[in-house]
Amino acid sequence: MEFLLSLLLFFLFHSRLVNAQGPPSPGYYPSSRVQSIGFNQGFRNLWGPQHQSLDQSTLTIWLDKNSGGSGFKSLKNYRSGYFGSSIKLQPGFTAGIITSFYLSNNQDYPGNHDEIDIEFLGTTPNKPYTLQTNVYIRGSGDGNIIGREMKFHLWFDPTKDYHNYAILWDPNEIIFFVDDVPIRRYPKKNDATFPQRPMYVYGSIWDASSWATEEGRIKADYRYQPFIGKYSNNFKVEGCAAYESPSCRRAPSSSPSGGGGLTRQQIEAMLWVHRNYKVYDYCRDPRRDHTHTPEC
């Protein structure tokens, strides 16, 4: 019995040690293949200009009870590319608040838009942020919403420092990265389940109390305002603009082979994240009607 107890304690200690060390190296770092651009080179304010400030190193956006928050938008729309931002989140009580970085064409196709999301769902003290990834196709985010959410906790505290969050979107797949570690791969199965129309790049902070934290049970509390999102002023954006030739292939590959997909080492890193930090997968939700998500 004493031997078994010692063995159990060893495995528990080893598991915690592995988790504390973070994911295994992916062995390939697509962000290093993309040049940085400043905010003014690639973006403009979209709404809430009085709640947005820019200095040499940081774009800061914030939300308080007197505003609807703030958002920004890329100068160009893209039909493929790598889109990354280094973001630092606010500690403390942020329930109900969404800080985001995403692709969308909702202004071009209102009521029938496409979207690829990285959203940080606000939280309460001593509970981790949830990073939500999502994909909407041709209006599945409008009206009768059909989301394709996959949610994660993180293996670090995202309020302590800046970390790089990125979307790689090409004609065959979407891959979400955190510090170059792939956390989700969404391959194209057919035209109906994959976004193909050009999209702009956005970032925003806003009040989503109706659903953001514990399915809307905990609302935003403006005693803790302002709610702040910080984006490092070195965005990683490289892709094919909507007006460019269909033969354009400017974004970095998701893997060193140049042919897309992920290497075995990248897959091992992604599976480590899934085993230890994935907290929701729409394909595994028995409450969902999966006739609407045939890719599952």
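The values are calculated or read from the model by the stated rules, or taken from the named source; none is laboratory data. Not measured: the values here are computed from a predicted model. With ideal geometry, Cβ positions are generated from the backbone for all residues, glycine too; neighbour counts draw on all protein chains shown. Just so you know, the surface numbers come from the protein's heavy atoms only, side chains and all, with ligands and any DNA or RNA stripped out. Shrake-Rupley method; radii C 1.70, N 1.55, O 1.52, S 1.80 Å.
Worth pointing out:
- Matching residues in region 65-82 - criterion: being buried (at least 19 other Cβ atoms within 10 Å of the Cβ) and among the polar types (S, T, N, Q): Ser70, Ser74, Asn77, Ser80
- Restricting region 177-213 to residues that are touching a residue at least 12 places away in the same chain (Cβ under 8 Å) and assigned to a helix (DSSP H, G or I), the residue that is farthest from Ile267 (Cα to Cα) is Ala192.
- Check on Tyr222, among the hydroxyl-bearing types (Ser, Thr, Tyr), within 30 Å of Asp55 (Cβ to Cβ) and loosely packed, with under 15 Cβ neighbours inside 10 Å: yes
- Of all residues assigned to region 91-113, none qualifies as being touching a Cys at 6+ places or on another chain (Cβ under 9 Å) and more than 17 Å from Ser232 (Cβ to Cβ).
- Filtered by the rule that a residue be closer than 19 Å to Ser209 by Cα and touching a residue at least 12 places away in the same chain (Cβ under 8 Å), region 55-69 gives Ile61, Trp62, Leu63, Asp64, Lys65, Ser67, Gly68, Gly69.
- For region 239-296, the set of residues classified as of a type in the set (A, V, I, L, M) and at pLDDT below 90 consists of Ala251 only.
- In summary, strands (runs of 3 or more DSSP E) completely within region 215-285 and bearing 3 or more residues that are among the hydrophobic types (A, V, I, L, M, F, W, C), under 27 Å from Gly147 (Cβ atoms) and touching a residue at least 60 places away in the same chain (Cβ under 8 Å) occur at 235-241.
- For Pro182, the conditions (1) over 26 Å from Leu46 (Cα atoms); (2) in contact with a Lys or Arg (Cβ under 7 Å, 6 or more places away or on another chain); (3) buried (at least 19 other Cβ atoms within 10 Å of the Cβ) all hold with the exception of (2).
- Inside region 89-120, residues that are within 13 Å of the chain's Cα centre (by Cα) and open to solvent by 40 Å² or more (accessible area, probe 1.4 Å) make up a count of 1.
- Inspection of region 7-22 identifies at least one residue that is in a loop (DSSP other than H, G, I, E, B) and either open to solvent by less than 60 Å² (accessible area, probe 1.4 Å) or at pLDDT below 95 (or both).
- If the condition is being surrounded by 12 or more Cβ atoms within 10 Å (Cβ to Cβ) and among the basic types (Lys, Arg), then region 270-296 contributes Lys278, Arg288.
- Of the numbered criteria (1) open to solvent by 10 Å² or more (accessible area, probe 1.4 Å); (2) in a loop (DSSP other than H, G, I, E, B); (3) in contact (Cβ under 8 Å) with a residue 24 or more places away in the chain, the one Asn144 fails is (3).
- The residue pairs whose first member lies in region 26-54 and is closer than 30 Å to Gly68 by Cα, whose second member is at pLDDT below 95 and open to solvent by 20 Å² or more (accessible area, probe 1.4 Å), and whose beta carbons are closer than 6 Å, counting only pairs six or more residues apart or on different chains, are Gly48/Ser67; His51/Ser67.
- Residues that are open to solvent by 80 Å² or more (accessible area, probe 1.4 Å) and hydroxyl-bearing (Ser, Thr, Tyr) were ranked within region 242-269; the one that is farthest from Tyr136 (Cα to Cα) is Ser257.
- Among the candidates Phe152, Phe156, the residue that is modelled with pLDDT of 95 or more, crowded, with 20+ Cβ neighbours inside 10 Å and closer than 30 Å to Gln21 by Cβ is uniquely Phe152.
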